[in-house]
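Engineer: Below is the structure I would like to discuss, written out as structure tokens.
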Amino acid sequence: MVCIKKRYFNWNRLFLLPLGLWPDKETKFTRFQAKLLFSLLMSSAAFQLSRLFSVECHFDSAVTILSSSSFYIALTIIFMCFWINMKTMRYLFEQLQHIYDGLKDKAEIAIYDKYGYIGKCLTIRLMIPMVCGMFSNFIIVYSPYILDVVMPKNESYAIHVMEMVTKYFIVSEKYYFLVLVHLNVACTAGLIVTVGTGTMMLSYFKHACGMFEIASYRIEQAMAIELLHDLNTKNEIVIYKKIICAVDIHRKAMEFAKCFITNTEGTLFFLILTGVLCLSFNLFRIFQIKSLVDEVEEVLLHFFVVILVLVGSFLANYVGQEMMDYTNHVYETTYNVSWYLAPLDIQKMILFLLQRGSRTFTLNVGGLFTASFECFATLVSASVSYFTFMYSMQQ
């Protein structure tokens, strides 16, 4: 028997298992790992927000702190979204395995394998840049301290880093290195969680797209010309069974997607709001900096956050758009088959399929956000509007 987890999710397991987030049997140790990571993320966000109450904090500092803290809050929400729904994630794994085990047709198995392989390739393509980024971050952040030991000079190599951290978070020079390490570790762990869980969700929905593709294939096979031209009791029974199987896997695909959205709806809603605010604050901070050359490190940090938010938002809405396209494809397949050659009873079944297919299946969050390219454009537009408002108020 083929194990879905080992075949298509081994990379996700590699990233999430050390953090206690791999959806398998929970133990005391995995719970401790997850709680430790949660404490790290929460403390990093809380520390930054606490800087807002500093006596030295003014408007520019507040925007700077909010641009950073909103990013850490988003990382924390992503972690919570996955952590508090571990049972749901295990259940979805079981459903994927159950559906795979129920496939007998070689063509259907090939379709399912194709979409599982696409999900795995997307996972690898997103994880490789993250690993490269982590390695680059390690070199950029800690190389000045290594050089201070290996090649010491009168002025520390890390003096610029110290000045940026103390100015950015309004802390004493005495504690700046602890702050730097704390936030850097929290950011690295949060990004690992984000990429590990995000790619897993992409793979989940790719498998759901595979189910819709199998539904289309089954409808085509049920209404094959050779069966319709040689109608007899045996062939009619074959057509009925294939249509029933097509409806069954179509229903399972929709239930699979709805199960995920229903259980994560609350945290996803807050994640969307936080993402919009994070994008607005970081765009505002980029345009707020007077000399891009003198403060290139800070500009790169904000630009990095903007790119991450845009990419994450685009991928989430891309999944929703793809689900809509595949459900529409099932409807188009049903409409284009030679249903007019079938007996009246079978035509009535096809009519029911067409009526159901005319209602587009969407991934809706909170009744306000429907994942699609249009939603992505709306969220980006909202972020730019908030940024424009803040910028005009400052002027």
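The values are calculated or read from the model by the stated rules, or taken from the named source; none is laboratory data. Just so it is clear, the model here is predicted, and its values are computed rather than measured. Note that each Cβ is placed from the backbone with ideal geometry, even for glycine, and that neighbours are counted across all protein chains shown. Protein only, heavy atoms only, side chains kept; ligands, DNA and RNA dropped before computing areas. Shrake-Rupley method; radii C 1.70, N 1.55, O 1.52, S 1.80 Å.
Engineer: Would you mind giving the average projected area, over all directions, of the Cα convex hull of region 36-76 in nm² with one decimal?
Structural biologist: Seen from a random direction, the Cα hull of region 36-76 projects 2.6 nm² on average.
Engineer: Another question, then. All other residues with a Cβ under 12 Å from the Cβ of Tyr326 taken together, and with Lys, Arg as +1 and Asp, Glu as -1, what is their net charge?
Structural biologist: -3
Engineer: Calculate the tail of P(r) for the chain: the fraction of all Cα-Cα distances greater than 30 Å, expressed in %.
Structural biologist: Percentage above 30 Å: 50.
Engineer: Taking a probe of 1.4 Å, how large is the accessible area per residue of region 171-254, in Å²?
Structural biologist: Ligands and nucleic acids excluded, the result is 41 Å² per residue.
Engineer: If you don't mind, there's one more thing I want to ask. When each pair of different Cα atoms in region 288-387 is counted once in the 1/r mean, what is the Kirkwood radius in angstroms, to one decimal?
Structural biologist: It is 17.1 Å.
Engineer: Leaving out ligands and nucleic acids, and using a 1.4 Å probe, what accessible area per residue does region 12-101 come to in Å²?
Structural biologist: On a per-residue basis, 49 Å².
Engineer: For the chain, with the dipole built from +1 on Lys and Arg beta-carbon atoms and -1 on Asp and Glu ones, taken about the Cα centre, which of Cys81, Asn317, His329 lies farthest toward the positive end?
Structural biologist: My answer, from the dipole projection, is Cys81.
Engineer: Could I ask something else about it? Pairing the Cα long axis of helix 59-83 with the longest principal axis of the chain, what angle in degrees results, from 0 to 90 and rounded to the nearest 10?
Structural biologist: It works out to around 40 degrees.
Engineer: If I model a spin label as a point 7 Å beyond the Cα along the Cα-Cβ vector, how far apart are those points for Arg7 and Leu300 in nm?
Structural biologist: Label-label distance for Arg7 and Leu300, simple model: 4.3 nm.
Engineer: Per the helix-only calculation at 222 nm, which mean residue ellipticity applies to the chain, given -39500 (n - 2.57) for every DSSP H run of n ≥ 4 and division by its residues, nearest 500 deg cm²/dmol?
Structural biologist: -28500 deg cm²/dmol
Engineer: What's the angle, to the nearest 10 degrees (0 to 90), between helix 373-394's Cα axis and the longest principal axis of the chain?
Structural biologist: 20
Engineer: Additional query: So how much slack lies between Phe287 and Thr262, counting 0.36 nm per residue of separation and subtracting their Cα-Cα distance, in nm?
Structural biologist: 5.2 nm
Engineer: Here's another thing I want to ask about it. Extension gain Lys87-Ile237, at 0.36 nm per residue separation less the Cα-Cα distance, in nm?
Structural biologist: Net length gain for the segment: 50.1 nm.
Engineer: Taking all protein chains in place and a 1.4 Å probe, what share, in percent, of the accessible surface of the chain do carbon and sulfur account for?
Structural biologist: 67
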